[in-house]
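Student: Dumping the structure here so I can ask a few things about it.
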Amino acid sequence: MITKLILTAGVVMTLTVSGLYDRIPFMPVSEHTKVPNTKQDFEKSVRQKKASALELKNKVPADERILTTFTFAKALSEQEVQKLVDLYELELTHVYSRFIDGQGLRATSVNRVKGTPYVDKAFIDDQIKRLGGEYKGIIEANGYIKAGMLEKAAQEKLIYVADIDGDPKVTYNPKKKFPVGQYWNLEDYKLTLAE
């Protein structure tokens, strides 16, 4: 009788752990640390992200909004970002800007999007005045894209990758956290477009 009780408890425990594993929340920073550390593996990871986006496009209605982190192929001006927003019907929630400080170190600032302009120019100007350096442009954005636009956006040369790994249709993500952008990796592997 005791043996049966232990086996039953073991089986119940296995089912419980298995069920929990399927419901582990999406953790953007943890997922980001899984990014391969060679250029070839990074490029393979990005190809997989692009393929995942195209697969999802075929599984949901074309007008369904998809939670996405956009990594741009180079630092973009606000006008270039606005063209992408208009062309692909993007709904941006945050933009990330690159500036180089007076010591040549990369820095990123994040702005919550509340219409346009996307970037708090006074903040950027203050940082450059305080730290030296120069403003480069917008490098990443969080937001939403309609599923029907995923394929078109995947062909856009200014969008390096539209990462949908955090969308609740792809992974359990009750808090709707966005994936971490990949621009630092583009710089590290010298994959950015010429400015």
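Student: Could you give the distance between the Cα centres of the range 111-127 and the range 130-162, to the whole Å?
Tutor: 16 Å
Student: Okay, next question. Please give me the summed charge of the neighbours of Arg130: other residues whose Cβ is under 15 Å from its Cβ, Lys and Arg +1, Asp and Glu -1.
Tutor: My count for the surroundings of Arg130 gives -3.
Student: Hey, rough spin-label estimate for Lys114 and Ala154, points 7 angstrom out along Cα→Cβ, what's it come to in nanometres?
Tutor: In this crude label model, Lys114 to Ala154 measures out at 3.7 nm.
Student: Run the simple label-point estimate for Glu187 and Phe123 please: 7 Å along Cα→C-beta, distance reported in nm.
Tutor: Label at Glu187, label at Phe123, 1.7 nm between them.
Student: Per 0.36 nm of contour for each residue apart, how much would the distance between Lys44 and Ile100 grow if the chain were fully extended, relative to their Cα-Cα spacing?
Tutor: 17.3 nm
Student: Relative to the present Cα-Cα distance, how much length would full extension add between Thr93 and Glu134 at 0.36 nm per residue of separation?
Tutor: 12.3 nm
Student: Mind checking the full-extension length gain between Ser77 and Glu55? Use 0.36 nm per residue of separation minus the Cα-Cα distance, one decimal, nm.
Tutor: 4.9 nm
Student: Per residue, what accessible area does the range 40-116 have, given a 1.4 Å probe and all protein chains present, in Å²?
Tutor: For the range 40-116, the per-residue accessible area is 52 Å².
Student: Roughly how big is the range 101-195's charge dipole about its Cα centre, with Cβ charges of +1 (Lys, Arg) and -1 (Asp, Glu), in debye to the nearest 20?
Tutor: The dipole of the range 101-195 has a size of about 380 debye.
Student: Same structure again: Based on the mean of other beta carbon atoms within 10 Å per residue, what is the order of 168-174, 178-184, 155-161, most packed first?
Tutor: Ranked by mean Cβ neighbours within 10 Å, highest first: 178-184, 155-161, 168-174.
Student: Hey, if you drop one equal point scatterer on each alpha-carbon of the range 33-120 and run the Debye formula without solvent, what base-10 log of I(q)/I(0) do you get at q = 0.20, 0.23 Å⁻¹?
Tutor: Debye output, listed in q order: -1.20, -1.27.
Student: Now for a separate question. Show me, bin by bin at 10 Å from 0, the whole-percent P(r) of the range 69-120 based on Cα pairs.
Tutor: Once binned at 10 Å, the Cα pair distances of the range 69-120 give 22, 56, 18, 4.
Student: For the range 76-175, I need the span (max minus min coordinate) of the C-alpha atoms along each principal axis, in Å, sorted largest to smallest.
Tutor: Extents along the principal axes, in whole Å: 43, 29, 24.
Student: For the range 109-148, what number results from the quotient of the Cα radius of gyration and 2.2 N^0.38 Å?
Tutor: Rounded to two decimals, the normalised Rg is 1.45.
The values are calculated or read from the model by the stated rules, or taken from the named source; none is laboratory data. What you are looking at is a predicted structure, and each value in this text was computed from that prediction instead of being measured. All Cβ positions, glycine included, derive from the backbone under ideal geometry; neighbour counts span all protein chains shown. Please note that ligands, DNA and RNA were not included when accessible areas were found on the heavy atoms of the full protein model with its side chains. Shrake-Rupley method; radii C 1.70, N 1.55, O 1.52, S 1.80 Å.
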